1. For the subset of the stretch 13-34 comprising residues that are in a loop (DSSP other than H, G, I, E, B) and at pLDDT 85 or above, which member is farthest from Ala86 (Cα to Cα)?
2. Trp378 fails exactly one of the following numbered conditions: (1) more than 18 Å from the chain's Cα centre (by Cα); (2) closer than 30 Å to Gln457 by Cβ. What is the number of that condition?
3. Give the residue, chosen from Phe561, Phe572, that is at pLDDT 95 or above and within 22 Å of Ile275 (Cα to Cα).
4. Give the residue that is least open to solvent (accessible area, probe 1.4 Å), with candidates limited to residues of the stretch 453-470 that are part of a loop (DSSP other than H, G, I, E, B) and in contact with a Ser or Thr (Cβ under 7 Å, 6 or more places away or on another chain).
5. Assuming Leu414 fulfils every condition listed in (1) under 23 Å from Asp524 (Cβ atoms); (2) touching a residue at least 40 places away in the same chain (Cβ under 8 Å) apart from one, which condition is it?
6. Pick out the one residue from Ser418, Ser449 that is open to solvent by less than 20 Å² (accessible area, probe 1.4 Å) and among the polar types (S, T, N, Q).
7. What is the residue count in the stretch 236-248 for residues that are touching a residue at least 40 places away in the same chain (Cβ under 8 Å), in a helix (DSSP H, G or I) and surrounded by fewer than 18 Cβ atoms within 10 Å (Cβ to Cβ)?
8. What tally of residues in the stretch 378-394 results from selecting those that are open to solvent by 50 Å² or more (accessible area, probe 1.4 Å) and farther than 21 Å from Asn274 by Cβ?
Amino acid sequence: MQSFRILFWSILLSIYVHADAELKAYWKLDGNFSNNKPVHQKQNFSPHNSPTFSNDSVSGKSLRLDRSKQQYLLTSSPIRKANTPAHSVSLWFKPETLPKHGSRERYFLFESVKGETTDDAGAIHLSLGFWAGATPNTVNLQTWTQTIDKATGKPIAQGGFDYHMLRSELKNQWTHLVLSFDSNTFKIYLDGKLAKTHFLPKPGPAAPFGGIVFGGHREGIGRNFDGLLDEVSIWQGNLSNANIQKLYTSKQPKTAPLVIKGKAPEELRLLVWNIWGRLNQAEKYNFEGKSARQRTIEIIKESKADIIGMIETYGSAADIAKGLGYHYYTPSKSANLTIFSKYELSDFGTPKGLSSFSFITATAHLSPTKKLRVYCIWLTSGGRHIVSIKDPKLSDKDFINGDNNRRAMLEKFLSHPSVTMDLENAENLPVVVMGDFNCVSHLDYTKESKSADLNYQRVFADAPTHTAMLEKGFTDTYRAMHPRLTQETLGYTWTTVGLDHTYVSGKGFEPVAPSNNPRPQNQDPYARIDFIYSLGSHLSPSSSQVIKHYKNHTKRSFPEFPSDHAAVLSTFKISQ
């Protein structure tokens, strides 16, 4: 933990020194109310109504504010110059309750005060709080401000500026927030990414204010926040996007210390699945009273997978992890990629400089002495589409050359210093790379498959992306278990959708008479594009299969099976 704190301080100081914004105050809330700002005068928080500290935190401890006891914090001295044109507030928060739908309740994260004590004078330059949302499953994160009217020189109130969020993305989850003011806009950043820009009807600098109430509004009591706060900082000027990302990634919510007990398993089951997790949440995809997400959880449970690499998670991660009872890592609540694990995870994130939309990693602790390094990846579907494999006018060479964009993405990943270190250490710490590659492997397109009239009679001596994996020593686990190409071992994962559905942009797959399908070439399984690759002699594949049906519904895959991709399940023997 000490090295972790030193790392964060180095990041905080690097932002401070490089001066896109000047750090004015920093409260770690690590068991005390001290301002930990590295330079200039100190200003501590004044606690009201006895808030307590919690071990559920981003780092060290956090502060628990109980709304029923009207608890809040106040910093009572000015922390900025008068009429400042730009400043930012950064904090982590975890709401335990939120305003009830249909109520007039308000839960304030913070609001400025005119003087050095709580009041109702309305100096609300910084005001951010939760209201009930427009629908039962949403909540409104509303901003108000008070600025100087350039024409009159007097303060004017502007707002409220609404931003509706899903309750499920906030309640009982740590979220990093930055509110940034620049005299023209208020910008809200959540978990390192710009979420909303509010344009001021009348641009102008901040109206004068004194201190700030955290966990309540300007009067202190009556509209208090209910939950946890941690790592609060205030900056003069606007933090850059890069530095906001640094503040987010340098401190992720901590988990309990890893206590790994027991013997390592002799067998390990890994599953990769692009679940098409956004549009399939529509009610029209419910089946037998169960949503697509519920069926996804059932299918994974039935597979008995120990570790899952998931693509197109898009807001499903927390629910799926809860349904499985598994640990998980995802870069953000709405992220593309997620790693779920029966075993504890550590050392998770994205290799620096790569996109978290395409590459994430974590280490699974199988026992006190056995670990597995897991990567979940997604390569672009842009450029030449996979359906072109059916086009007899397109030569084998031109088809394969259409994967050069995916080869470039993969080579950048494989040559990354941290990935290279993992590959070089695979004999000590086995590595698995699994994901949606959006391209085929040359191992599936051979003279033998052509002579058997399989795979559109194409022959590929090389497939750039998969050749790159094999050159690094990886094993294509499905093809290793099914070296003989037959109709039964093609292993197609795309697509599960038959001729009785067609894709409509923005709506998903719509039913259609098979004889009237406008794009029949896009339907029915025709390519293997989802893979599980393994590296390291201590991890040996023993079986592999494609999963494309929901329970006993085998006449067709989709929509009973809730995704347009099939899943791949590979089983491994682990040498002790």
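1. Of everything passing the filter in the stretch 13-34, Gly31 is farthest from Ala86 (Cα to Cα).
2. Result: Trp378 fails condition (1) only.
3. When all the criteria are applied, what remains is Phe561.
4. So, considering only residues that are part of a loop (DSSP other than H, G, I, E, B) and in contact with a Ser or Thr (Cβ under 7 Å, 6 or more places away or on another chain), the one least open to solvent (accessible area, probe 1.4 Å) is Ala463.
5. (1)
6. Exactly one of Ser418, Ser449 is open to solvent by less than 20 Å² (accessible area, probe 1.4 Å) and among the polar types (S, T, N, Q), namely Ser449.
7. Within the stretch 236-248, residues that are touching a residue at least 40 places away in the same chain (Cβ under 8 Å), in a helix (DSSP H, G or I) and surrounded by fewer than 18 Cβ atoms within 10 Å (Cβ to Cβ) number 2.
8. 3
The values are calculated or read from the model by the stated rules, or taken from the named source; none is laboratory data. Note that the coordinates shown come from a computational prediction; the quantities given were computed from them, not determined experimentally. Virtual Cβ from ideal backbone geometry, glycine too; neighbours counted across all protein chains shown. With ligands, DNA and RNA removed, areas are computed over all heavy atoms of the protein, side chains included. Shrake-Rupley method; radii C 1.70, N 1.55, O 1.52, S 1.80 Å.
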